[in-house]
Amino acid sequence: MKEISLHLLDIAQNSVAAQASRIVIKIEVTSWNNIRDLLPAEDKKSEDTYWLVCEVIDNGRGMDPDFAKQVTNPFATTRTTRDVGLGIPLLKLSAEMAGGGLVLESQPMKGTTVKAYFQVNNIDRIPLGDIASTFKILILGNPDINWIIEFSSFKDKFVLDTQEVKKELGEIPIINDDVLDWIERTVCEGIKVVFGGVLDEVR
């Protein structure tokens, strides 16, 4: 995949399939000090490097420990609609190509967290892509789920919670075209405020 947004779309759809009622998408630019526990002990070359960390956190049915250990294998899947489960392995590959990696934590009946981290300035880091449209698509396809999207950097922070949006809307459905367009614009502005001048592709 050529964009992080497409990876996040795939991982979030896994969360939907796992019957999650709450799905959080987090995107953060942070320092080495905040992710050093994720890095190999011998990897000290990255202390002056900023990292892009992307997480999908759900409260779905989770995975049993044995399957969670092998889920980064492209031939491991619980799906019946295709032979291989490529979402997590492909995200792991993209992260590793950019000097990072992937961590997966899951508990049966409690949920799953998928966290990928990339060196911001690595020449092989793929761009964010259209995060705002991705979020809009996820809401449109699954309006009953509580979707939360969070951006943070040393510059600013942004949060949009569809449960809070629904409270303001009253009887207006969240999949109303005008509402979805507003959400897309708001998320797009949030990206610019938080990551403008932080990530090269955001202006």
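The values are calculated or read from the model by the stated rules, or taken from the named source; none is laboratory data. Quick caveat: nothing in here was measured; it's all calculated off a predicted structure. Please note: Cβ atoms are built from the backbone with ideal geometry, for glycine as well, and neighbour counts cover all protein chains shown.
Given the stretch 111-162, what strands (runs of 3 or more DSSP E) lie entirely inside it while holding 2 or more residues that are under 30 Å from P65 (Cα atoms) and not β-branched (V, I, T)?
Ranges flagged: 111-119, 146-152.
Give me the pairs: first residue in the stretch 1-15 and more than 11 Å from T134 (Cβ to Cβ), second residue surrounded by fewer than 22 Cβ atoms within 10 Å (Cβ to Cβ) and at pLDDT below 95, beta-carbon distance under 7 Å, and six or more apart or on different chains, which are they?
M1/L90
State yes or no: is D83 more than 18 Å from the chain's Cα centre (by Cα), part of a loop (DSSP other than H, G, I, E, B), of a type in the set (D, E) and at pLDDT below 90?
Yes, satisfied.
Going residue by residue through the stretch 30-43, is there one that turns out to be modelled with pLDDT of 85 or more and of a type in the set (G, A, S)?
Yes, the stretch 30-43 has at least one match.
If you take the residues of the stretch 124-161 that are out of contact with any helix residue (DSSP H, G or I) (no Cβ under 6 Å at 6 or more places or on another chain) and polar (S, T, N, Q), which of them is nearest to I57 (Cα to Cα)?
It comes out as S152.
Yes/no matrix, rows are residues, columns are (1) over 19 Å from Q13 (Cβ atoms); (2) among the aromatic types (F, W, Y); (3) surrounded by fewer than 21 Cβ atoms within 10 Å (Cβ to Cβ):
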site: K92; (1), (2), (3): no, no, no
site: M97; (1), (2), (3): yes, no, yes
site: T113; (1), (2), (3): no, no, yes
site: N122; (1), (2), (3): yes, no, yes
site: P127; (1), (2), (3): yes, no, yes
site: D130; (1), (2), (3): no, no, yes
site: T134; (1), (2), (3): no, no, no
